[in-house]
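Reading through the structure tokens given below for one structure.
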Amino acid sequence: MKQKKNRHILVTSALPYANGPLHLGHLVEFIQADIWVRFQRLQGHQCLFLSGDDAHGTTTMLNAEKMQISPEDLINRYHRERLRDLADFNIALDTYYTSHSPENQQLSSDIYKKLRDRGDIKTETIEQAFDPVKSIFLPDRYVKGTCPQCKTPDQYGDNCEACGATYTPADLMDARSVISGAVPIKKASLHYFFELSHYADFLKAWTTTVGHLPIALQNKLEEWFAAGLRSWDISRDAPYFGFEIPDAPGKYFYVWLDAPIGYMASLKHLCAKRPELSFDAYWSLNNAENSEVYHFIGKDIVYFHALFWPAILKGSGYRLPSAIFAHGFLTVNGQKMSKSRGTFITARDYLAVADAEYLRYYLASKLTAGIEDLDFGMDDFVQRVNSDLVGKLVNIASRTAKFINQLFDNTLSATIDTALLDNFVAAESSIATAYETREYHRAIREIMKWCDKANQYVDENKPWILVKSPDTLTQAHIVCSTALHLFKVLMTYLRPVLPTLSERVADFLNSQLDWHTMGIPLGAHTIRPFSPLLQRLELEKVQHMMPNTPETEPTSPTVTPSQDTTTISIDDVMKVDLRIAKILTAEHVPDADKLIKFQLDIGEEKPRQVFAGIKAAYPNPEVLVGKLTVMVANLAPRKMRFGLSEGMVLAAGPGGSDLWILEPHAGAQPGMKVK
């Protein structure tokens, strides 16, 4: 894929509000942005990646009061936790800062003054929701009621989560204070407004320019334009934790004014630490042609980023974003993340039971350039990781490296199948395009297709047989060396997604995983002894990342009799990983009426143990030893009274004694994929 050289890119991830720990919903965005950033850096571009805490607002003030600490202490506590969590998920930020900073206060004040001097700021005395019990003006998020547009109950006072409408707390029906539960009263107060309507024509043109926003959002924007752009209230009354508005004692900037300016403040902070960087190189209007700025956000904050933010930048003389990339929400087992439902998973909850790389891969396999919601399904997560990463990807190395280590003095063959290697490298353009356009699911799908081809190459050439004869030992050396070259290419493609695994693979191969040189053969190159790169996931363990969920609770929606269970979709079929398995041992299970215990070879380093209820059909299971059969390799392991069953053997027949395991053709080899 041809791209212009020496791109200078600034990427931001939305600032998570400083009112709690990071959770999987936050990580969707950080991981999506991080993959894109890492890809750009692999291409040789300068790509800065910034984020930070959204620190201001009434919520911060009230939570700190509840904890009997200062707001500064509260945001510092969460800041330290987030730095740790982001590092553990391998998020390659250049800086993670805070909106409560001197840089942000200066920029916010300067931008406000420029807008004021242009005539874009007006004042108006308004009646505002006031809590008569707590004696405090209520911010939008501290008033709940029924949406005036779609009549959905329990909506916040600034926008409706059901229909997307924006409004003021005064517009809500059946309003109540979230703080005390009291019915808010109206109280007059002088407020400052940004005249968004001054920029209506500009925003209409900017938002409809190809590439600036996801197309799926333009219909929603059209609704807002049709309704007319309203003046935006940018002030809040004391008491409030935030920046005081210049020349307006007791009035503070609304958090949504200074939060996006925090992107700029974070860069100023970084530039002070790295003198080679220039703030103006990215935010000056004069340098807009020489640099790129991209914001990764959730679809729920598009209104602020696609309308308010460009208008503020335009009015204050700064460059505009090159594009805004929005993503959908994350659900868990098909349900909205919720503490009461036991589906709220923090970064720490996840890391207590699973490797960060697994979540990065799983989300990448689902992420697109669109705004569709994506689901973190426990069963699907375990199956995808075990099938793709363990069963396909690292399997290439585990089944060939041992021969290089043991028989060829850790040295690769100088001769390999360069034509096959070239075919793998030729996929670079398509995979690079998928990364660039944020169609990560397409990149993963294509990479896994090439993983299958690499495993097929090993299956067809059978190095475990070639090494048994001196006459074919050289060929075995070539086959295993070729397979490891293919593995190196595949891991290079996956570097943006799996940075930690990539480092381990680079160490094992004693070679850099460089995007631009991955097609150059290593020659008679020395590798290091192979050790297992990944561990299989166990569903039972993964379920414990939801600490509030009882162990007996199902992890996926229960099928009721009214649901159709007679058909499945093609997507369901594509999830099933069928493999040729050689039966190494077969024996009765004591105290079990129906079970036979198998040890099966599917081309992995260790045999798989599988229990099958076919004892009636095979009273003498020893006759099965040495035969080939077909098994489901990506079925989640099941802990049974007799041991762990790591798959399913396929059989056909009416049942009982009339049941036969499936036997593939004689040319099949263990580990081959059945299609």
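The values are calculated or read from the model by the stated rules, or taken from the named source; none is laboratory data. Note that the coordinates shown come from a computational prediction; the quantities given were computed from them, not determined experimentally. So basically every Cβ, Gly included, is an ideal-geometry build from the backbone, and we count neighbours across all protein chains shown. When the accessible area is computed, the model is the full protein with side chains, heavy atoms only, and any ligands, DNA or RNA have been set aside. Shrake-Rupley method; radii C 1.70, N 1.55, O 1.52, S 1.80 Å.
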*Which residue pairs have Cβ atoms under 7 Å apart, sit 6 or more places apart or on different chains, and have a first residue in the stretch 257-286 that is without any contact (Cβ under 8 Å) to a residue 24 or more places away in the chain and a second that is of a type in the set (S, T, N, Q)?*
CYS271/SER278; ASP280/ASN287
*Could you tell me whether any residue of the stretch 129-136 is in a loop (DSSP other than H, G, I, E, B), touching a strand residue (DSSP E or B) at 6+ places or on another chain (Cβ under 7 Å) and among the charged types (D, E, K, R)?*
no
*Kindly indicate whether any position in the stretch 570-589 is touching a helix residue (DSSP H, G or I) at 6+ places or on another chain (Cβ under 7 Å), assigned to a helix (DSSP H, G or I) and modelled with pLDDT under 90.*
yes
_When you check ILE396 against the structure, is it of a type in the set (A, V, I, L, M, F, W, C) and either more than 26 Å from the chain's Cα centre (by Cα) or open to solvent by 40 Å² or more (accessible area, probe 1.4 Å) (or both), yes or no?_
no
*Could you tell me which of the residues ILE404, ILE416 is within 17 Å of GLY523 (Cα to Cα), of a type in the set (A, V, I, L, M, F, W, C), open to solvent by less than 10 Å² (accessible area, probe 1.4 Å) and at pLDDT 95 or above?*
ILE404
*What tally of residues in the stretch 92-143 results from selecting those that are under 26 Å from TYR263 (Cβ atoms), open to solvent by 60 Å² or more (accessible area, probe 1.4 Å) and of a type in the set (Gly, Ala, Ser)?*
0
*asked:* I'm checking my understanding of the structure. Among residues of the stretch 589-617 that are in contact with a Lys or Arg (Cβ under 8 Å, 6 or more places away or on another chain) and open to solvent by 70 Å² or more (accessible area, probe 1.4 Å), which one is farthest from CYS451 (Cα to Cα)?
replied: ASP593
_Any hit, the stretch 292-312, residues being under 27 Å from the mean Cα position of the chain (by Cα), part of a loop (DSSP other than H, G, I, E, B), closer than 20 Å to SER109 by Cα and not β-branched (Val, Ile, Thr)_ = no
_Number of positions in the stretch 1-22 that are open to solvent by 20 Å² or more (accessible area, probe 1.4 Å), within 19 Å of the chain's Cα centre (by Cα) and modelled with pLDDT of 95 or more_ = 1
*asked:* Looking at the stretch 470-486, I want the residues that are farther than 25 Å from ASP514 by Cβ and among the hydroxyl-bearing types (Ser, Thr, Tyr) and have a partner that is assigned to a helix (DSSP H, G or I) and open to solvent by 10 Å² or more (accessible area, probe 1.4 Å) with Cβ atoms under 7 Å, at least 6 apart or on another chain. Which pairs are those?
replied: THR472/LEU466
*Subset of the stretch 173-201 [under 19 Å from SER231 (Cβ atoms) and either in contact with a helix residue (DSSP H, G or I) (Cβ under 6 Å, 6 or more places away or on another chain) or open to solvent by less than 50 Å² (accessible area, probe 1.4 Å) (or both)]*: SER189, HIS191, TYR192, PHE193, PHE194, GLU195, LEU196, TYR199, ALA200
*Of all residues in the stretch 309-341, which are open to solvent by 10 Å² or more (accessible area, probe 1.4 Å) and of a type in the set (Phe, Trp, Tyr)?*
TYR318, PHE325, PHE329
*Just name the residue that is farthest from PRO532 (Cα to Cα) out of those in the stretch 351-399 that are of a type in the set (Phe, Trp, Tyr) and in contact with a Phe, Trp or Tyr (Cβ under 9 Å, 6 or more places away or on another chain).*
PHE376
*Please note which helices (runs of 4 or more DSSP H) are completely contained in the stretch 446-516 and include at least 3 residues that are open to solvent by less than 10 Å² (accessible area, probe 1.4 Å).*
473-493, 499-509
*Among the residues listed as ASN63, ASN19, ASN90, the single one being in a loop (DSSP other than H, G, I, E, B) and without any contact (Cβ under 8 Å) to a residue 60 or more places away in the chain*: ASN19
_Complete set of residues in the stretch 146-172 that are in contact with a helix residue (DSSP H, G or I) (Cβ under 8 Å, 6 or more places away or on another chain) and closer than 25 Å to ALA188 by Cβ_ = PRO148, TYR156, GLY157, ASP158, ASN159, THR166, THR168, PRO169
*asked:* If a residue must be in contact (Cβ under 8 Å) with a residue 24 or more places away in the chain and not in a helix (DSSP H, G or I), how many such residues does the stretch 182-201 contain?
replied: 13
*Criterion: open to solvent by 20 Å² or more (accessible area, probe 1.4 Å), of a type in the set (A, V, I, L, M) and part of a helix (DSSP H, G or I) - qualifying residue of LEU74, LEU27, LEU83*: LEU83
*Out of the stretch 592-628, which residues are without any contact (Cβ under 8 Å) to a residue 24 or more places away in the chain and in a loop (DSSP other than H, G, I, E, B)?*
ASP593, LYS594, LYS606, PRO607, GLY613, PRO619, ASN620
_Per-region count, the stretch 329-346, residues outside any loop (DSSP other than H, G, I, E, B) and basic (Lys, Arg)_ = 1
_Residue check, GLN535 polar (S, T, N, Q), at pLDDT 95 or above and in contact with a helix residue (DSSP H, G or I) (Cβ under 9 Å, 6 or more places away or on another chain)_ = no
*Just checking, which of ALA354, ALA326 is in a loop (DSSP other than H, G, I, E, B), within 20 Å of GLU29 (Cβ to Cβ) and within 17 Å of the chain's Cα centre (by Cα)?*
ALA354
*Out of all the residues in the stretch 250-259, is one or more surrounded by 21 or more Cβ atoms within 10 Å (Cβ to Cβ), in a helix (DSSP H, G or I) and of a type in the set (Asp, Glu)?*
yes
*Of all the residues that make up the stretch 653-675, how many are among the small types (Gly, Ala, Ser) and either within 15 Å of LYS582 (Cβ to Cβ) or modelled with pLDDT of 70 or more (or both)?*
4
*Unique match (being closer than 21 Å to THR12 by Cβ and not small (Gly, Ala, Ser)) among ARG77, ARG141, ARG82, ARG116*: ARG82
